[in-house]
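Student: Quick one: this structure, given as structure tokens, is what I'll be asking you about.
The values are calculated or read from the model by the stated rules, or taken from the named source; none is laboratory data. As the structure is a computational prediction, the values presented were derived from the model and not from experiment. Cβ placement follows ideal geometry from the backbone for every residue including glycine, while neighbour counts extend to all protein chains displayed. In case anyone asks, the SASA skips ligands and DNA or RNA and just uses the protein heavy atoms, side chains included. Shrake-Rupley method; radii C 1.70, N 1.55, O 1.52, S 1.80 Å.
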Amino acid sequence: MIYVTDTHPLIFVGTQKFSRLGPKARRIFREVDEGRSVIVIPVTVFEEIMRLTEKGLTMLKMPFHRWVEEITKAPNFQVQPYTLEILLAAESLSSIRDPADRAIVATARDLGYPLLTADAGIQEGGWVETVWD
């Protein structure tokens, strides 16, 4: 199965705080490690993590640049660029206030994959299938 990730699940994995993942999300990341699932990472997710590390709000186990390189080498993680199609899809999501969340939800919708997120606003919004607990 293929999933799109929101920012916080990838932070939990990058900071080795696996217990903060919901049970289904934790299982999916295990499946990715075992080669049975794929996680798509919108570039917007990396951008948010970069900003959080620059502000000292998130501490990865290695420098951000190296961490991104390691993830992008992993066969079951795919990076999704922020395309014009995704931008235009985000236009219809104006009720989502956070621009990064709009881009992430638009990416999941555009690709047709469920989104790994604990964000209650996104889960309740019904814009895309979500997975967490």
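Student: Determine ³J(HN,Hα), in whole Hz, for all residues of the range 57-66 in sequence, where each value follows from phi through the Karplus function 6.51 cos²θ - 1.76 cosθ + 1.60 and θ = phi - 60°; x replaces Gly and Pro.
Tutor: Result, ordered by residue: 8, 9, 10, 6, 6, 8, x, 3, 4, 5 Hz.
Student: With θ set to phi - 60°, apply the Karplus curve 6.51 cos²θ - 1.76 cosθ + 1.60 along the range 15-23 and write out the HN-Hα couplings as whole Hz, x wherever there is a Gly or Pro.
Tutor: Ordered by residue, 3J(HN,Hα) equals 9, 6, 10, 4, 5, 7, 6, x, x Hz.
Student: Additional query: Whose amide H sits under 5 Å from the amide H of LEU116, counting only residues 5 or more places off or on another chain, with H placed in the peptide plane?
Tutor: VAL4, THR5, ASP6, VAL131
Student: Compute the relative contact order of the range 8-133 as a whole-number percentage, counting only Cα pairs closer than 8 Å that sit 6 or more residues apart in sequence.
Tutor: 27
Student: Run the numbers for GLU124 and LYS55: contour at 0.36 nm per residue of separation, minus the present Cα-Cα distance, in nm.
Tutor: Between GLU124 and LYS55, full extension yields 21.9 nm more.
Student: Within 15 Å, Cβ to Cβ, of LEU21, how many net charges do the neighbouring residues add up to if Lys/Arg are +1 and Asp/Glu are -1? Don't skip to the answer; put the middle values down first.
Tutor: Numbers: positive: LYS17, ARG20, LYS24, ARG26, ARG27, ARG30; negative: ASP6, GLU31, ASP33, ASP119, ASP133.
Result for the local shell: +1.
Student: Let me ask something else. Classify the range 1-116 as rounded, prolate or oblate, taking a ≥ b ≥ c as the square roots of the eigenvalues of its Cα gyration tensor: rounded when a/c is under 1.5, otherwise prolate if a/b is larger than b/c and oblate if not.
Tutor: Oblate shape, in that a/c is at least 1.5 and b/c is the bigger or equal ratio.
Student: Starting from the residue with the highest accessible area, list LEU116, LEU84 in decreasing order, probe 1.4 Å.
Tutor: Most to least solvent-accessible, the answer reads LEU84, LEU116.
Student: If we sort 37-45, 102-110 on the protection proxy, mean other Cβ atoms within 10 Å, highest first, what's the order? Please report the intermediate quantities before stating the final value.
Tutor: Working: 37-45: 21.1, 102-110: 24.9.
Per-residue mean Cβ counts within 10 Å order the peptides as 102-110, 37-45.
Student: Mind checking the per residue accessible area of the range 13-56 for me, 1.4 Å probe, whole number of Å²?
Tutor: About 55 Å² of surface per residue is accessible.
Student: Percent of accessible area on the range 27-115 owned by carbon and sulfur, 1.4 Å probe?
Tutor: Roughly 52 percent of what the probe reaches on the range 27-115 is carbon or sulfur.
Student: Something else: Not counting ligands, DNA or RNA, and with a 1.4 Å probe, what is GLU85's accessible surface area in Å² rounded to the nearest 10?
Tutor: 110
Student: Once you have the Cα-Cα distance between SER95 and GLU34, take 0.36 nm times their residue separation minus that, and quote the gain in nm to one decimal.
Tutor: Gain on stretching SER95 to GLU34: 18.3 nm.
Student: With θ set to phi - 60°, apply the Karplus curve 6.51 cos²θ - 1.76 cosθ + 1.60 along the range 38-51 and write out the HN-Hα couplings as whole Hz, x wherever there is a Gly or Pro.
Tutor: Values, residue by residue: 10, 10, 8, 10, x, 3, 4, 5, 4, 4, 5, 5, 4, 5 Hz.
Student: In terms of the Cα gyration tensor, with a ≥ b ≥ c the square roots of its eigenvalues, is the range 36-92 rounded because a/c is under 1.5, prolate because a/b exceeds b/c, or oblate? List each step's numbers first, then the result.
Tutor: On the way: a/c = 2.69, a/b = 1.29, b/c = 2.09.
Oblate, since a/c reaches 1.5 and b/c is not below a/b.
Student: How big is the dipole moment of the range 1-110 about its Cα centre under a simple scheme where the beta carbon of each Lys and Arg is +1, that of each Asp and Glu is -1, and everything else is neutral? Debye, nearest 20, please.
Tutor: 500
Student: Rank these residues by their accessible area, most exposed first, probe 1.4 Å: ARG20, ARG27.
Tutor: Descending accessible area places them as ARG20, ARG27.
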